[in-house]
1. May I ask you to say which residue of Ala147, Ala132, Ala67 is surrounded by fewer than 21 Cβ atoms within 10 Å (Cβ to Cβ) and under 19 Å from Pro25 (Cα atoms)?
2. Working only within the stretch 114-129, note down all residues that are open to solvent by less than 70 Å² (accessible area, probe 1.4 Å) and touching a residue at least 12 places away in the same chain (Cβ under 8 Å).
3. Report yes if some residue within the stretch 43-56 is modelled with pLDDT of 95 or more, surrounded by fewer than 17 Cβ atoms within 10 Å (Cβ to Cβ) and not aliphatic (A, V, I, L, M); otherwise report no.
4. Could you check the stretch 88-114 and list, in sequence order, the residues that are assigned to a strand (DSSP E or B) and either of a type in the set (D, E, K, R) or within 10 Å of the chain's Cα centre (by Cα) (or both)?
5. Does the stretch 70-83 hold any residues that are surrounded by fewer than 24 Cβ atoms within 10 Å (Cβ to Cβ) and either β-branched (Val, Ile, Thr) or under 9 Å from the mean Cα position of the chain (by Cα) (or both), and which are they?
6. Taking the condition of being among the basic types (Lys, Arg) and open to solvent by less than 70 Å² (accessible area, probe 1.4 Å), how many residues in the stretch 84-113 meet it?
7. Could you pull out the residue among Gly7, Gly2 that is in contact with a Pro (Cβ under 7 Å, 6 or more places away or on another chain), modelled with pLDDT under 90 and either of a type in the set (Asp, Glu) or farther than 23 Å from Asp140 by Cβ (or both)?
Amino acid sequence: MGPTTEGSPAGEPERPPGGPDPDLPAGCCLETGFTSADLPRLRVLVGAYAAHLGLAGRGHDALLLSANEVADNAVRHAGGGGRLALYRDGPLVCCRVCDDGPGFDPSVVPERAPGLGSPTGWGLWTVRQLTAGLEIGRGDGDRFRGAVVTFCVRLTHSAG
């Protein structure tokens, strides 16, 4: 099962059937569900939409790597999948990943790099290092009951 979306970075917003998440900004250009089988396609989608929103170079790479890490966490720790949304908020390109897992406390994200032998903690620590902000919350129970992870990358030039 692939992401349930229609559209393209150059066309209309890509959204799942049933309408957009009402909690997302009006400027959301990508909203899609994913499972482990969808991660390669999700990376392609996020990369294309991030470029469409004006990200290039290191900012583009930072957003793409961060989206992959957070989506992979949703797959591994929160029931096998989730939903990803990408949108522009002024000078920021933001990504939100929601899941239906048990959720987690933001305090589990280490302040310092995990030890070299640590099997966990690297993903969200890396996202915190690469982005302009990392916010971890809980779903409202209606659409998502697990974690809601949002991160943003700052545009480095004026993009239309």
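The values are calculated or read from the model by the stated rules, or taken from the named source; none is laboratory data. Predicted, not measured: the structure shown is a model, and the values here were computed from it. Here the Cβ is made from the backbone with ideal geometry for all residues, glycine too, and neighbour counts use every protein chain on show. With ligands, DNA and RNA removed, areas are computed over all heavy atoms of the protein, side chains included. Shrake-Rupley method; radii C 1.70, N 1.55, O 1.52, S 1.80 Å.
1. Details: Ala147 fails: surrounded by fewer than 21 Cβ atoms within 10 Å (Cβ to Cβ); Ala67 fails: surrounded by fewer than 21 Cβ atoms within 10 Å (Cβ to Cβ).
The match here is Ala132.
2. The first filter runs over the stretch 114-129 and keeps only residues open to solvent by less than 70 Å² (accessible area, probe 1.4 Å), leaving 114-115, 118, 121, 123-127.
Answer for the stretch 114-129, where residues must be open to solvent by less than 70 Å² (accessible area, probe 1.4 Å) and touching a residue at least 12 places away in the same chain (Cβ under 8 Å): Gly121, Gly123, Leu124, Trp125, Thr126, Val127.
3. For the stretch 43-56, residues modelled with pLDDT of 95 or more, surrounded by fewer than 17 Cβ atoms within 10 Å (Cβ to Cβ) and not aliphatic (A, V, I, L, M): present.
4. Narrowing the stretch 88-114 to residues assigned to a strand (DSSP E or B): 88-89, 92-98.
If the condition is that a residue be assigned to a strand (DSSP E or B) and either of a type in the set (D, E, K, R) or within 10 Å of the chain's Cα centre (by Cα) (or both), then Arg88, Asp89, Cys94, Cys95, Arg96, Val97, Cys98 are the ones that fit.
5. Our first condition is that a residue be surrounded by fewer than 24 Cβ atoms within 10 Å (Cβ to Cβ); within the stretch 70-83, this holds for 72-73, 75-81, 83.
Hits for the stretch 70-83 are Val75, Arg83.
6. Of all residues in the stretch 84-113, those among the basic types (Lys, Arg) come to 88, 96, 112.
Next, only the ones that are open to solvent by less than 70 Å² (accessible area, probe 1.4 Å) stay: 96.
So the count comes out to 1.
7. Values: Gly2 fails: in contact with a Pro (Cβ under 7 Å, 6 or more places away or on another chain).
Going through Gly7, Gly2 in turn, the sole match is Gly7.
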